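Worksheet: the structure to be examined is printed underneath.
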Amino acid sequence: METADLFTELRSLGLGERLLTGDAQLAAFGSDALTAFHQRPLAVAVVESAAEVAAVVRLCHRRAVPFVARGSGTSLSGGSLPVGEGIVIALNRLDRVLSVDPDARTAVVEPGVINLAVSAAAAPHGLAYAPDPSSQSVCTIGGNLAFNSGGAHCLKHGMTSNHVLGLCVVLPDGEVVDLGGDSTEHVGPDWTAMFSGCEGLFGIAIEATLRLVPIPESVRTALAVFDSLERAGDAVAAIVGAGLVPVAMEIMDPLAIEAAEASVSPGYPRGGALLIVELEGEEEVVEGELAAVEGLLRDCGCAEMRTTADPDERALIWKGRKSAFSAVGWLSPDYIVQDGVVPRTRLGEALREIERLGAERGIRVANVFHAGDGNLHPLILFDGREAGAVERAEELAAEILALCVELGGSITGEHGVGVEKREYMKLMFSAADLALMEDVRAAVDPGRLANRGKMLTPPPPAASRSAAAA
Amino acid sequence: MSALLATDVAAVQEAVRAGRPLLPVAGGTQTATHPDPAGPVRALDVSGLRGVVDYDPAELTFTARAGTPLAEIDAMLASHGQHLPFDPPRLGEGATLGGAVAAGVSGPNGFAAGVRDFVIGVRFVDGSGRLAMGGGKVVKNAAGFDLPKLMAGSLGRLGVMVELSLKVFPRPAATATVRFPTAGLPAGLAAIAALARGPVPVSALDLTPDGAVTARIGGDAGLIEVRAERLARSIEPRGEPLAPAAESAHWEEARRFAWVGADERLVVVPAAPRRVLALDADLHRRGLHRRYGLAANVAWIAWPQAEPAAELSDLLAAQAASGVVLTGPPLPEPLIGAATGGAFARRIAAALDPAGIFAGSAPAAGGAR
Ligand SMILES: Cc1cc2nc3c(=O)[nH]c(=O)nc-3n(C[C@H](O)[C@H](O)[C@H](O)COP(=O)(O)OP(=O)(O)OC[C@H]3O[C@@H](n4cnc5c(N)ncnc54)[C@H](O)[C@@H]3O)c2cc1C
C-alpha cells in the first residue's frame, strides 16, 4: 500500500515509465561489480535532469525512504548495492559534457558522463582528464568522485579528488548547494574534497567542474621483466628514490600476465614479474629520464626490457593491464579483488607475505597493482561451487587487509569501503575516529537515507542517542 | 585576552573542553586569522607542538606535529632533494606546517599542486575535545571521509590540528625563469592560456595587471637552459630568461609577498582566467596593488589596513568571488566575499564544533555570512 503510494508520487514527479518496478527491470540493478552481494531495491528511478534528482531526493527525505545513487554499477566494494527498503537513483542519462574551457583547462560535466568521454571532449583542445580507472570506458564521473577513484596514471597526476574543482550537490534532504568553484585554489575548508570520496553518504553530485591536463608531447612506455615480484618491487623503490616521477608504474605477476594474454593477447614478455613504467613530458626530458630508468632497471636485475613510443603498441600494453580484472575470469570461475595499500618501500615484504598466506591455504592469488603508490590488487581466485571456498577466500582477503594496515597502510586505495570493507574500518581507525565520522554523517543526513549501510557500520540505537547527546 | 599555551595533545584537549571560545595560533604570521586580543576569543598557542615524527625520504612522505616551523621542514626535505610542491606562502620567520595547511593556499610556485593534494593524514582535536584521525600515512587511501583535505583552508575553525602527514615531491635540481613583455591584461591572459597548455610544464605562471607574464620551470640542470629558451620562444612576443641570481631572488620575494606593503593586508582570492578581467577592473578602480598567480587561478590583493575589510568583501561578493585575509590586524571573519559550502558547510561545522568553540564571535566556519 505505502509502496504503491510512493510509486505514484515518484511517477507524478514526471518519471512516468522511467520508474522501474518490475522484477525483470530491477534485476540488472541488484548488484554492482561485487556480485557476491545482491539486493532487490523497491524501485529504480531513471532520472533525466538534475532537477529530477533533487525532486526525487526531496520526496525520499519527506517519506524517509533510503536511496542509493548509481552510475554504471562497476563498484568493486558493493558501493552501489541497493537498500532493500529503498530506491536506486540511476544517473546514466545525465551524461552530457556541459562545457570545456580550454584556456582554464576545465570541463563542466553531468555526473553520469563516462570517464573516457571527458577526455574525448577535451582532446580537440590538446587536453585530457587524468584519472584513469581501468574501468574508464564504462564507469561514470559520479561514481569516480564518490569513491575518489584512481588509476594507473594517478602516480603523477593524483586521484579523482585532485581533479574536482567544484561540485553542485543535492544534500540528503534535497537541498542543493554549490561547493568549490572553477579555480584550482579555494578558500575556507575544502568542502569539495570532503564531498569527494564520501561514497554517496553526503548526497548526490549533479554537476562537477573538472581539471584537465595538457596532453604531453612525448610518452614512452617500458616493459621490464624480473625473476621475482620482490625484485620488481625493489626497482620501483629505486626509481622513486632516484627522484623520478613516472606517470605510471604497474606490476603484474605470472598469473595476471597469463590472464591478460588469454583475454586480449598484449604479447607481454614472460617472466617472474612484469613492470610497466611510463614516462611523459617534453621530448628531451623524457629521453633523459628513460635512460635513467633503464639504468636503474638493469641495476635491479631486470632480465629483459622493451620500450616503445608507438601509440598502438602502448595502447595494447595498457589494454592488457586494464583488462586484468575481467581477464582473471579466464583462470577461475570466481575471484575477490582486494585494494589494500602499503608504504611503497615495503612492497616486497607485502608481496612475499601475501604469497605465503595464499600458499598456506592453497589458494591462488594473482597480483596486478599500482606499484608506484603501493596500491596492491591481489586477486583471490576461487570456485564458488566448492563448499567453503568463498569463506576461505574471504578469510584470506581479511588477512591481507590486516597485513596492509600492520605495515602502515590502508584497507583501500581506490575501490572504497562500500559494504565489503565496513568491518575493516576498525583496523585503521579508533572508535573515536569512527564516532566522529558517524557524527559528521548524521549531521549531513540525520535520517541516514543516503547510501545507508555503506562505509560506516550503523551504530546501535542506544549508542547513536548518546553520541547525539554528547 | 592572554593566550593559552599547549605543548601536548592533552593540553589542547583540556583547553577545548574548558568550553570557552578559542582559536589555535602557532607561528603568528597569518595575523588576520588570529583572535583579537581585546575580544572574547582566546588564542591557543600550539607552536610548542613541534617536531618531525617520521620521515622516510624513500617513501616521499613525512609526519610532523602541526606547530613545526616550515623552515625546519624545508631544510629537512632539501637535504634529501625533496620539497613541498605547493610552495606555501612564507609570510614570516615563524610560519608553521599547521598554519600552511590551515590557510590552505598555495604560493606562487604551486601551479597545478594545491595544498589539499599533498595532505594525506591529520590528527586533530575537535570542538568536543575528541582526538580523532583522518586519512593515514600512505600516498593513496580511500578509507573514510577525507578529513585531511577538509582541514586544508579550515583556519582552525573546525578543530585544532596536532599532527599532519604529507606527501612530497622531488625538488627540481635546477630552475629557470622566463619573463614575457606582454602588454595589457587581455594579452597577458592569452599568453598564460597558451603557456599553461604548451609542451613545457611550468611550476609558476604569474601575471601583473600590466600584462607582463613570468613563468618558471624546474628540472635537470643539463637541460634547463635549452628548455627555458624553448619556453621563451613558444609564444609571441618571445620572452627573456632571467639571470640565475635574479630568478631565485624573484621567487624568494614572491613567496614572502614582499610587494605587499607594511600597512596593507594580503588577501588571497581564487579566480579563473575568464573572470580576471572583470575582477581586475574593480580592483583597479580602487587603486589596489595586485598580482595574479598559478595561471590566473588566484588573485593576490594588497588591501590597505586603514580601510574596512568589509568593503573588499562586498566587492568580491559582487563578483561571486571569495577570499581569505591572511595578514594585518585580527578580523572576526577572515573569510570574505561570497560564502562557500552553504548548508553542507554548516552541518559539518556543527558536527565538529557543536558548541561553537572555534567559531568564536563569528558564525560557524564557512557558513552563511
Ligand atoms: C573491471 C573493473 C576495473 C576497475 N578498475 C578500477 C581502477 O583502476 N581504479 C578504481 O579506482 N576503480 C576501479 N574499478 C572500480 C569502479 O569502476 C570505480 O569505483 C568507479 O568509480 C565506479 O563508477 P560507477 O559509475 O560504476 O559507479 P557506481 O558503481 O554506480 O557507484 C559507485 C559509488 O558511487 C556512488 N555514486 C554514483 N554516482 C554518484 C553521484 N553522482 N553522487 C554521489 N554518489 C554517487 C554510488 O552510490 C556508489 O556508492 C574497477 C571496476 C571494474 C569492474
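Taking region B:120-238 on its own, what percent of its Cα-Cα pair distances exceed 17 Å?
Cα-Cα pairs in region B:120-238 separated by more than 17 Å: 65 percent.
Using a simple spin-label model with points 7 Å from Cα along the Cα→Cβ vector, what separation in nm is obtained for B:Ala281 and B:Glu252?
For the pair B:Ala281/B:Glu252, the computed spacing is 4.1 nm.
Per residue of region A:414-419, what does 6.51 cos²θ - 1.76 cosθ + 1.60 with θ = phi - 60° give for ³J(HN,Hα)? Whole Hz please, x for Gly and Pro, Karplus curve as stated.
Karplus values, whole Hz, x for Gly and Pro: 7, 8, x, 7, x, 8.
Using the crude model of +1 on Lys and Arg Cβ and -1 on Asp and Glu Cβ, and no other charge, please compute the dipole size for region B:1-56 relative to its Cα centre, in debye to 20.
Computed about the Cα centre, the dipole is about 280 debye.
Where does the charge balance sit around B:Leu185 when Lys and Arg score +1, Asp and Glu -1, over other residues with C-beta under 10 Å from its C-beta?
-2
Calculate for chain A the 222 nm mean residue ellipticity that helices alone would give, adding -39,500 (n - 2.57) per DSSP H run of length 4 or more and normalising by residue count, nearest 500 deg cm²/dmol.
It lands at -10500 deg cm²/dmol.
Using only the Cα atoms of region B:271-362, construct the convex hull and provide its projected area averaged over every direction, in square nanometres to one decimal.
Average of the hull's projected areas for region B:271-362 equals 6.9 nm².
With a point put 7 Å past each Cα toward its Cβ, work out how far A:Ala359 is from B:Ala320 in nm, to one decimal.
It works out to 6.2 nm between the two label points.
Dipole of region A:218-323 (Lys/Arg Cβ +1, Asp/Glu Cβ -1, origin at the Cα centre): which of A:Ala291, A:Ala235, A:Gly267 lies farthest to the positive side?
A:Gly267
Add -39500 (n - 2.57) for each DSSP H run of 4 or more in chain B, then divide by its residues: what number comes out at 222 nm, to the nearest 500 deg cm²/dmol?
Helix contribution divided over all residues of chain B: -8000 deg cm²/dmol.
Among the lysines, which have Cα under 29 Å from the Cα of A:Lys426 when same-chain residues fewer than 8 positions away are ignored?
Candidates past the 8-residue exclusion: A:Lys454, B:Lys137, B:Lys140, B:Lys149, B:Lys167.
Averaged across orientations, what area in nm² does the convex hull of the alpha carbons in the protein assembly as shown project?
Taking a quarter of the hull surface, the average projection is 33.1 nm².
Arranged by the count of other C-beta atoms within 10 angstrom, fewest first, what order do A:Ser196, B:Ser234 take?
B:Ser234, A:Ser196
Explain nothing, just the number: relative contact order of chain B, from Cα pairs under 8 Å at least 6 residues apart, as a whole percent.
Taking the mean separation of contacting Cα pairs over the length of chain B, I get 18 percent.
Once you have the alpha carbon radius of gyration of chain A, what is it after dividing by 2.2 N^0.38 Å, with N set to its residue count?
Working it through for chain A, the quotient is 0.99.
Relative to the longest principal axis of chain A, what angle (0 to 90°, nearest 10) does the C-alpha long axis of helix A:50-63 take?
Long axis of A:50-63 versus the principal axis of chain A: about 60 degrees.
Enumerate the amide H contacts of A:Ser80 below 5 Å, restricted to partners 5 or more residues apart or on another chain; note that Pro and chain-start residues carry no placed amide H.
Amide H to amide H, under 5 Å and 5 or more residues apart or across chains, A:Ser80 pairs with A:Ser75.
For region B:173-332, compute Rh as the Kirkwood radius over C-alpha pairs and then the Stokes-Einstein diffusion coefficient at 4 °C and 1.567 mPa s; write the answer in µm²/s, rounded to an integer.
Translational D for this selection: 79 µm²/s.
Chain B: percent of C-alpha pairs farther apart than 30 Å?
Above the 30 Å cut-off, chain B has 38 percent of its Cα pairs.
Restricting the count to DSSP beta bridges whose residues both fall in the protein assembly as shown, what percent are antiparallel, rounded to a multiple of 5?
Expressed as a percentage, antiparallel bridges in the protein assembly as shown total about 90.
About the Cα centre of the protein assembly as shown, what is the dipole size in debye to 20, counting +1 per Lys and Arg Cβ and -1 per Asp and Glu Cβ, all else neutral?
That gives the protein assembly as shown a dipole magnitude of about 1420 debye.
Are there DSSP H segments in chain B that both extend 30 Å or more along their axis (alpha-carbon positions) and score a mean Kyte-Doolittle hydropathy of at least 0.5? List them, or say none.
Qualifying helices, which must be both long enough and hydrophobic enough, do not occur.
Would you please give the FRET efficiency between A:Arg40 and A:Ser326, computed as 1/(1 + (r/R0)^6) with r the Cβ-Cβ distance and R0 = 25 Å, to the nearest 0.05?
For A:Arg40 and A:Ser326, the calculated efficiency is 0.50.
Between helix A:347-361 and chain A, what is the angle of the helix's C-alpha long axis to the longest principal axis, kept within 0 to 90° and rounded to the nearest 10?
So the helix axis and the longest Cα principal axis differ by about 70 degrees.
Hey, with R₀ at 22 Å, roughly what FRET efficiency would B:Arg238 and A:Glu217 work out to, going by the Cβ-Cβ distance, to 0.05?
Using R0 = 22 Å, I get an efficiency of 0.70.
Quick one: angle between helix A:229-241 and the longest Cα principal axis of chain A, in degrees between 0 and 90, rounded to 10, please.
Rounded to the nearest ten degrees, it is 90.
What is the ratio of the Cα radius of gyration of region A:97-214 to 2.2 N^0.38 Å, with N the residue count, to two decimals?
After normalising by residue count via 2.2 N^0.38 Å, the value is 0.97.
Can you list the residues, at least 5 places off or on another chain, whose amide H is less than 5 Å from the amide H of B:Leu5, using H built in the peptide plane?
The list, which skips near neighbours in sequence, is B:Asp45.
Per residue, how big is the convex hull around the C-alpha atoms of region A:2-90? Give it to me in cubic angstrom, could you?
Spread over its residues, the Cα hull of region A:2-90 gives 85 Å³ apiece.
I need the calculated FRET efficiency for the pair A:Arg298 and B:Ala18, taking r as the beta carbon distance and R₀ as 56 Å, to the nearest 0.05.
0.35
Towards the positive end of the charge dipole of the protein assembly as shown, with charges on Cβ (+1 Lys, Arg; -1 Asp, Glu), say which of B:Ala113, A:His415, A:Gly14 has the farthest Cα.
Value computed over the given set: A:Gly14.
Direction-averaged shadow area of the convex hull around the Cα atoms of region A:332-417, nm²?
5.1 nm²
With +1 assigned to the C-beta of every Lys and Arg and -1 to the C-beta of every Asp and Glu, and no other charges, what is the dipole magnitude of region A:97-214 about the Cα centre in debye, to the nearest 20?
460 debye
Hey, which aspartates and glutamates would be in cross-link range of A:Lys322, C-alpha to C-alpha under 16 Å, not counting anything within fewer than 8 residues on its own chain?
A:Asp132, A:Glu250, A:Asp253, A:Glu258, A:Glu261, A:Glu278, A:Asp312, A:Glu313, A:Asp339, A:Glu414
How large, in Å, is region A:216-321 by the Kirkwood hydrodynamic radius built from its alpha-carbon pairs?
Mean inverse Cα-Cα distance, inverted, gives 13.7 Å.
Each value in this text was obtained by applying a stated rule to the coordinates, not by laboratory testing. Note that this is a predicted model, so its numbers are computed, not measured. For neighbour counting, all protein chains shown are included, and Cβ atoms are generated from backbone atoms with ideal geometry for every residue, glycine included.
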